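Shown next, in structure tokens, is the structure this report addresses.
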Amino acid sequence: MKLMTFALVLLAAAFASSASIPLHEPRGIEHASPHGGRVKAIPWDEAVQIMKTPPGGFCGKVSSLDTNATEAQPRPKCANTTIRPEWNRMADADKLSYVRAVKCLMDTPPLGVWGENATRSIWDEVAWVHDQLNVRIHGVDTFLPFHRLRRADALVARDQLHGPLLRLWFFTADYFGALPPLSKTGDGTCITDGAFANFTVRSPDPNHSSCLSRGETKQTTDEATTAMLDLCHGDATTEYTQHRRCVEQTIHAVMHEGIGPTMWLLATSPNDPVFFLHHGFVDWQWKRWQDAAPGRSMTITGCAEYPADGSPCIPLTRDTVLTTMGLIPDMTVGDVLDTENDVMCYTYDEF
Ligand SMILES: [Cu+2]
């Protein structure tokens with residue numbers, strides 16, 4: 001049975017690489033509308049197929065761009081690299097100071113990027129900006145560099161504090177509140193405990209605010225395994241796009257999907273504070289992949305955008321601009337590629 005599945009996967013991979021190039025990311029992250037869409041993870045077999053399919057099979061002209069991508073000079077190394085810790089290993093005092101910093105964002109008047117009086121705090125603006133950029137930062141290769149910007153963390157401490165991460169699916173109820181199971185009717189539960197108890201979600205529409213809601217589908221969160229992690233890590237010949245697609249559409253997606261309502265609404269998911277711990281984990285996977293072979297933290301390949309008229313994708317390069325619509329200054333992909341450069345200045349405690 002296993003052998004047969006393997007043969008089928010091989011067959012599918014061979015077909016995918018010879019088939020005509022699809023114009024959009026095949027599936028996985030749904031984009032029902034620019035702001036809508038519930039996250040849907042892909043099954044294991046599809047992730048295997050991604051890791052076996054050369055990038056040219058789903059994103060045209062990528063391989064010919066590889067050489068362009070290396071032209072820009074790498075940034076100088078950071079003199080004092082800080083370490084992003086795993087949440088569950090942090091001291092209580094450090095956890096408390098992180099949570100206080102997040103709460104501070106929730107209480108800080110908006111910068112105004114969402115227009116006059118539209119919102120109450122910078123926190124709401126962070127979720128709003130993510131919502132506005134939804135189709136430009138998901139289902140494309142910009143996904144990893146954009147989420148490395150650590151928008152909230154950067155705002156918390158003027159780039160001095162690198163937020164923690166949650167490795168794998170170890171959801172943490174301390175400070176972040178409960179993760180109750182999804183109800184029989186498929187609804188989440190308003191979170192009434194922890195540091196963010198009764199937090200009101202205002203993005204994307206402050207006139208229709210809702211509660212911070214969670215409801216776990218254990219079957220889904222259980223799909224995040226070290227085996228999946230290792231599959232997406234690939235080997236020395238893995239292309240960036242394969243790694244990105246695998247991570248985004250499996251481990252990244254199952255956590256969004258499995259944690260419930262606030263998190264499964266992809267576009268506005270930064271409303272749930274646990275989003276940033278989860279994306280620390282996603283970023284850790286990219287950094288682990290980058291460190292596994294020389295040159296990976298200096299080059300980038302793939303697609304930044306798929307034009308609606310069906311013309312070839314707009315390539316992602318070191319010069320591609322990463323905008324947060326004014327939350328923090330725009331950066332380029334080249335600025336964030338190497339986490340240990342003079343702009344980013346961080347690494348992780350363990351790989
Ligand atoms: Cu996102």
Open item on the list: Taking the criterion of being touching a Cys at 6+ places or on another chain (Cβ under 8 Å), assigned to a helix (DSSP H, G or I) and either more than 16 Å from the ligand (Cβ to nearest atom) or of a type in the set (Gly, Ala, Ser) (or both), would at least one residue in region 258-269 satisfy it?
Closed with: no
Open item on the list: Looking at 236, 224, can you tell me which residue is closer than 24 Å to residue 181 by Cβ, part of a loop (DSSP other than H, G, I, E, B) and at pLDDT below 95?
Closed with: 224
Open item on the list: Being within 11 Å of the ligand (Cβ to nearest atom) and in contact with an Asp or Glu (Cβ under 6 Å, 6 or more places away or on another chain) is the filter here; which residues of region 113-130 pass it?
Closed with: none
Open item on the list: Take residue 133 and tell me if it is among the aliphatic types (A, V, I, L, M), within 16 Å of the ligand (Cβ to nearest atom) and at pLDDT 95 or above.
Closed with: no
- [ ] Only residues in region 266-279 that are in contact (Cβ under 8 Å) with a residue 60 or more places away in the chain count as the first member; pair them with residues that are near the ligand (Cβ under 10 Å from one of its atoms) and of a type in the set (Val, Ile, Thr), Cβ under 7 angstrom, at least 6 apart or cross-chain, and list the lot.
- [x] 266/29; 266/39
Task: Every residue from region 90-139 that is part of a loop (DSSP other than H, G, I, E, B), under 28 Å from residue 349 (Cα atoms) and under 24 Å from the mean Cα position of the chain (by Cα) - done: 90, 138
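The values are calculated or read from the model by the stated rules, or taken from the named source; none is laboratory data. The shown structure was predicted, so the numbers you read here are calculated from the model rather than taken from an experiment. All Cβ positions, glycine included, derive from the backbone under ideal geometry; neighbour counts span all protein chains shown.
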